[in-house]
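Colleague: Can you keep this structure in mind? I'll have questions shortly.
The values are calculated or read from the model by the stated rules, or taken from the named source; none is laboratory data. Keep in mind the model is a prediction, meaning the values are calculated, not measured. Cβ: placed from backbone, ideal geometry, glycine included. Neighbour counts: every protein chain shown.
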Amino acid sequence: MAEQHLFKNFGGCFRNYRTMLGLTLRQFCALNNFDPGNISRIERGVSAPARASLAGYAEALKLRPGSDEWKDFESSGSIARGEVPERTMSDAQLVQRLPVLLRTIGDKRLSSKQLDELLKRIKDEL
């Protein structure tokens, strides 16, 4: 059940970007040669995107390569598949500290507001 929640988060993000382009699902798929059934399942949170498809989806959604939106989109797709994003896994120092960070956040049971504040503080420090 929690897994489907992750799918829905990614699917909602996908749908928001598509609708910001002013395209229906069928128009978007026709323009980009995507299967409407597959995109519909992704947007409804029924399935997660394939890793190999993420960059193509991001490009079709007009996300600028390397932008925060592009990075967040790819990371969200990985998380929807139950995977740690590749960008995270490629940083050995971060991977080494990740278990402590996740355990700390989990043990503290941060509220959404507290988590948002923590993320802002981290971004401000970097």
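Colleague: Can you tell me which residue among Lys62, Lys120 is in contact (Cβ under 8 Å) with a residue 24 or more places away in the chain and of a type outside the set (Gly, Ala, Ser)?
Modeller: Lys62 is the lone residue from the list that is in contact (Cβ under 8 Å) with a residue 24 or more places away in the chain and of a type outside the set (Gly, Ala, Ser).
Colleague: May I pose another question? Specify which of the listed residues (Asp124, Asp107, Asp91) is surrounded by 10 or more Cβ atoms within 10 Å (Cβ to Cβ) and over 21 Å from Phe10 (Cβ atoms).
Modeller: Asp91
Colleague: In this structure, is Arg26 over 24 Å from Pro85 (Cβ atoms), among the basic types (Lys, Arg) and more than 12 Å from the chain's Cα centre (by Cα)?
Modeller: So Arg26 fits the description; yes.
Colleague: Here's a follow-up. Step by step: first the residues of segment 57-96, then only those that are over 9 Å from the mean Cα position of the chain (by Cα) and of a type in the set (Ser, Thr, Tyr), then the one that is modelled with the lowest pLDDT. Which residue is that?
Modeller: So, considering only residues that are over 9 Å from the mean Cα position of the chain (by Cα) and of a type in the set (Ser, Thr, Tyr), the one modelled with the lowest pLDDT is Thr88.
Colleague: Is it true that Glu74 is among the acidic types (Asp, Glu), over 21 Å from Lys123 (Cβ atoms), touching a helix residue (DSSP H, G or I) at 6+ places or on another chain (Cβ under 8 Å) and crowded, with 18+ Cβ neighbours inside 10 Å?
Modeller: no
Colleague: Still on this structure, I have one more. Look through Glu69, Glu59, Glu83 and report the one residue that is exposed (fewer than 15 other Cβ atoms within 10 Å of the Cβ), on the phi < 0 side of the Ramachandran plot and in a helix (DSSP H, G or I).
Modeller: Answer to the selection: Glu59.
Colleague: Right, something else. From the list Arg64, Arg97, which residue is over 24 Å from Gly11 (Cα atoms) and either of a type in the set (D, E, K, R) or outside any helix (DSSP H, G or I) (or both)?
Modeller: Arg97
Colleague: Same structure again: Which condition from (1) within 29 Å of Gly11 (Cβ to Cβ); (2) among the hydrophobic types (A, V, I, L, M, F, W, C); (3) at pLDDT 80 or above is the one that Leu115 breaks?
Modeller: Checking Leu115 against (1) within 29 Å of Gly11 (Cβ to Cβ); (2) among the hydrophobic types (A, V, I, L, M, F, W, C); (3) at pLDDT 80 or above, the one that fails is (3).
Colleague: Let me ask something else about it. Does Ser47 qualify as being assigned to a loop (DSSP other than H, G, I, E, B), among the hydroxyl-bearing types (Ser, Thr, Tyr) and more than 22 Å from Ile122 (Cα to Cα)?
Modeller: Considered against the rule, which asks whether it is assigned to a loop (DSSP other than H, G, I, E, B), among the hydroxyl-bearing types (Ser, Thr, Tyr) and more than 22 Å from Ile122 (Cα to Cα), Ser47 comes out as yes.
Colleague: Do we have any residue at all in segment 30-41 that's in contact with a helix residue (DSSP H, G or I) (Cβ under 6 Å, 6 or more places away or on another chain), surrounded by 13 or more Cβ atoms within 10 Å (Cβ to Cβ) and not polar (S, T, N, Q)?
Modeller: yes
Colleague: Also, quick follow-up: Need the failing condition index for Ile39 against (1) modelled with pLDDT under 95; (2) within 19 Å of Trp70 (Cβ to Cβ), just the number.
Modeller: Going through (1) modelled with pLDDT under 95; (2) within 19 Å of Trp70 (Cβ to Cβ) one by one, Ile39 breaks only (1).
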